[in-house]
Amino acid sequence: MQVKTFRAKNSSEALSRVKQTLGSDAVILDTKNFSEDGKKWCEITAAMDAEADDSTLLDNRDAASGWNEFHKEWDVIKKHMMTLIKPQLDLGSLAPRQRQALEFLEREGVSEGVTLGLFDQLKKDSRMSILQPLGKCVTTKAWGWKNYHQKIHVLTGPSGSGKTTSLLRMAMACHAERPNAKICIANADALSGRTRHYLRHFAELSGMTYKDICNARDIRALLSESQKFDRIFIDLPSSSHSLRLDRQLELLGMGEVRDMAVHLVLSPHYAPGQFELFTRRFASAKCASIIWTKLDEACNFGAVLNTAYATGLPVAALSIGTGLRGTLVPAETVMLWKLVFKHQLPDSPLEEKRGNDAQ
Ligand SMILES: Nc1nc2c(ncn2[C@@H]2O[C@H](COP(=O)(O)OP(=O)(O)OP(=O)(O)O)[C@@H](O)[C@H]2O)c(=O)[nH]1
Ligand SMILES: [Mg+2]
């Protein structure tokens, strides 16, 4: 691994020097702001997952492009296989109710692989509801203390998917459930001043501890005092598309951390090709759930089913708005069916609470 330190007048200049020299795949290991001879400096230490010389960089690019080539080829093979298989997918052989449900899912953007799997099951029994085979692969594990016993919860996902807001909502939900619990919010997105202010502000307002994580050393320090906390939430920075989640965790010193669950934050807005890339990039044994965000802005929800099939991960929560209060709903399977088949968003927990209070 190539590690270099860059100094500039401010963080954006230092960051652009990092990108110029190491490329956009560089991982930030440390950021320091300090004054020297009356001048302010920002120093960033960054690592590139390759040897220093250009030839190795090229080799790595070759390896990456080889990997991409393999996936491209596999995608083409898959397409050809689907063309061969599709004529056998005789929807007319299903009961009308089953056929309509499958056709609906196809229009919703559910992938051919998924509809094929459902068809195989449905053709065995004309009375079978489509929810039966769907329910075997699309599962939920509602966010809350009861279902997630791990102390450390890490949020990851593509840029802008709603990681930071979801992290705060999840932490706040834990706090609401157990007001005396000691919760720590750790911000590993050290270069984003906006994220730091936002997380620190709400952590302090809610009586939670806030910590900045700039490097693997900070992670070690946090882990060494983990017994002080009942839950620790870590906001991971968005990484470049070629940096896989496992590698990113390793570089941050979290590769071997036990008692940790990673939650993948996604919104249904992305194109199918991007979802395929995400499922490869974020594939990790440490992933425990998916949080679906921006459902209030989506017009179809086929991606929710496709991703459940592709990753096998349960859905932990559904996010239905921009605010922090009443916008994160612990997921139940019936909510997913209403979302996919009726385009019906789950009720906000605030509305539910108001209803209960009124009763
Ligand atoms: N409409 C809507 N907006 C949401 C939802 N969840 C988050 N957002 C908005 O999405 C934007 C991005 O959210 P962030 O939490 O900053 O996303 P992020 O993944 O942390 O972003 P980066 O750290 O920049 O990668 C913010 O304006 C949020 O208010 C949601 O469920 N619905
Ligand atoms: Mg963020």
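The values are calculated or read from the model by the stated rules, or taken from the named source; none is laboratory data. Computed from a prediction, not measured in an experiment: that's the story for all the values here. Note that each Cβ is placed from the backbone with ideal geometry, even for glycine, and that neighbours are counted across all protein chains shown. For accessibility, only protein heavy atoms count, side chains too; no ligands or nucleic acids. Shrake-Rupley method; radii C 1.70, N 1.55, O 1.52, S 1.80 Å.
Extension gain for residue 145 to residue 261 (0.36 nm times residue separation, less C-alpha to C-alpha distance): 40.5 nm. A Cβ-based charge dipole, computed about the Cα centre of segment 2-48 with Lys and Arg at +1 and Asp and Glu at -1, lands at about 100 debye. Computed from Cα positions, the angle between helix 112-122 and the longest principal axis of the chain comes to roughly 40 degrees.
Label-to-label distance for residue 95 and residue 322 is 4.6 nm, based on points extended 7 Å past Cα in the beta-carbon direction.
If each DSSP helix of 4+ residues adds -39,500 (n - 2.57) and the sum is divided by the residues in the chain, what number results at 222 nm, nearest 500 deg cm²/dmol?
Details: 13 runs with 158 residues, N = 359.
About -13500 deg cm²/dmol.
The residues of the chain present an accessible area of 52 Å² per residue when probed at 1.4 Å with all protein chains retained.
Surface composition of the chain: carbon plus sulfur atoms hold 51% of the accessible area, using a 1.4 angstrom probe and ignoring ligands, DNA and RNA. For segment 201-359, the share of DSSP beta bridges that are antiparallel, to the nearest 5, is 25%.
Computed from the alpha carbon atoms alone, the convex hull of the chain holds 156 Å³ per residue. Taking the Cα centre of segment 152-358 as reference, the dipole from Cβ charges on Lys and Arg (+1) and Asp and Glu (-1) amounts to some 280 debye.
Considering only lysines 8 or more places apart in sequence, or on different chains, count the pairs in segment 111-244 whose C-alpha atoms sit under 27 Å apart. For segment 111-244, the number of qualifying lysine pairs is 21. Length gained on full extension, residue 106 to residue 283: 61.2 nm, using 0.36 nm per residue less the C-alpha separation. With everything on Cα atoms, drop me the angle between helix 272-281 and the longest principal axis of the chain, reported from 0 to 90° to the nearest 10. Approximately 50 degrees, to the nearest 10. The simple spin-label model puts a point 7 Å past each Cα toward its Cβ; for residue 35 and residue 182 those points are separated by 3.5 nm. Taking amide H as placed 1.01 Å from N in the peptide plane, residue 186 has its amide H under 5 Å from the amide H of 211, 233, 234, 235, each at least 5 places away in sequence or on another chain.
Computed from the Cβ-Cβ distance with R0 of 25 Å, the FRET efficiency linking residue 24 to residue 205 stands at 0.10. Beta bridges from DSSP with both residues in the chain: antiparallel share about 40 percent, rounded to the nearest 5.
Distance between the pseudo-spin-label points of residue 228 and residue 274 (7 Å out from Cα toward the beta carbon): 3.9 nm.
Relative to the longest principal axis of the Cα atoms of the chain, helix 11-22 runs at roughly 70 degrees.
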